[in-house]
1. Given springs between every Cα pair under 10 Å in a Gaussian network model of the chain, which of 216, 41, 258 has the largest fluctuation?
2. For the range 163-213, rounded, prolate or oblate, judged on the Cα gyration tensor with a ≥ b ≥ c (square roots of eigenvalues), a/c < 1.5 rounded, else prolate if a/b > b/c?
3. In deg cm²/dmol and to the nearest 500, what is the mean residue ellipticity at 222 nm of the chain if only DSSP H runs of at least 4 residues count, each as -39500 (n - 2.57), divided by the residue total?
4. Cα atoms only: what Rg and Dmax, in Å, come out for the chain?
5. Going by how many other Cβ atoms sit within 10 Å of their own, how do 36, 229 line up, fewest first?
6. How far is helix 195-210 tilted, in degrees, relative to the longest principal axis of the Cα atoms in the chain, given as a value from 0 to 90 rounded to the nearest 10?
7. Do you know the relative contact order of the chain, to the nearest whole percent, from alpha carbon pairs under 8 angstrom that are 6+ apart?
8. Take 248, 101 and order them by how many other Cβ atoms sit within 10 Å, fewest up front.
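FYI, it's all coordinate maths here, none of it is from the lab. Computed from a prediction, not measured in an experiment: that's the story for all the values here. Neighbour counts are summed over all protein chains in view; Cβ atoms, including those assigned to glycine, are modelled from backbone coordinates with ideal geometry.
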């Protein structure tokens, strides 16, 4: 599959794994309009990957930082732009919401590796990842209210991740917290001490994901993200149809045969 050429992202493909590195280290990987557009384009390509050539996406940041959130200078300049017919702040915020939705609903399993700092939108990306690994000394927070704005597009994902009570506390105080607190709040699934432990944990997580059927993982995400949006009777039917589809196609058959034959399933070479 093809990915767009990028100037603010580093893309590294290794078999079924794609590492996406935010690459504006001089700005602590703050998301400007170019990075936002490139991330949306990358995740558009991942959504179009119906054969799941890429099974796992690893989100990282260059230079020892995950993401400082939005590029504040660019956002301020947008607010002062009176020449454009469309409100640039409104358009920018809408595009930000589209990005988080694309990451959240990607059929691949998304793993975030959070080091250095994850502020604002960076924290939002940590909350939409399926698996989040955090270094204990990194700094995280929702600083938006201290800038006179709201953490608008990331709020639904933060609330779903840690609950309304903690989300209100963090957003309405602008509190900063470390990786240990992020683990305690439930933002992180793994807490690591130093680079070596991060890399070892990431490798273990990816190996575990390798054991899961890629279509099974994608279907599981769809079911989980549907919870609460359907009536119970509809959910029963939707879940039943999803399971039946998996059982009737090659991946489900291979998984069951591998279990009976006491071997590892061969997800990479089988056909549907």
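1. Fluctuation is largest for 258.
2. Values: a/c = 4.66, a/b = 1.89, b/c = 2.46.
Oblate, because a/c is 1.5 or more while a/b does not exceed b/c.
3. Details: 11 runs with 130 residues, N = 272.
Calculated at 222 nm, the ellipticity per residue is -15000 deg cm²/dmol.
4. 19.5, 68
5. Numbers: 36 20, 229 8.
Ascending number of Cβ neighbours within 10 Å: 229, 36.
6. Orientation of helix 195-210: about 40 degrees from the principal axis.
7. Values: 436 pairs, mean separation 38.9, N = 272.
Rounded, it is 14 percent for the chain.
8. Details: 248 10, 101 16.
Least to most surrounded, the residues fall as 248, 101.
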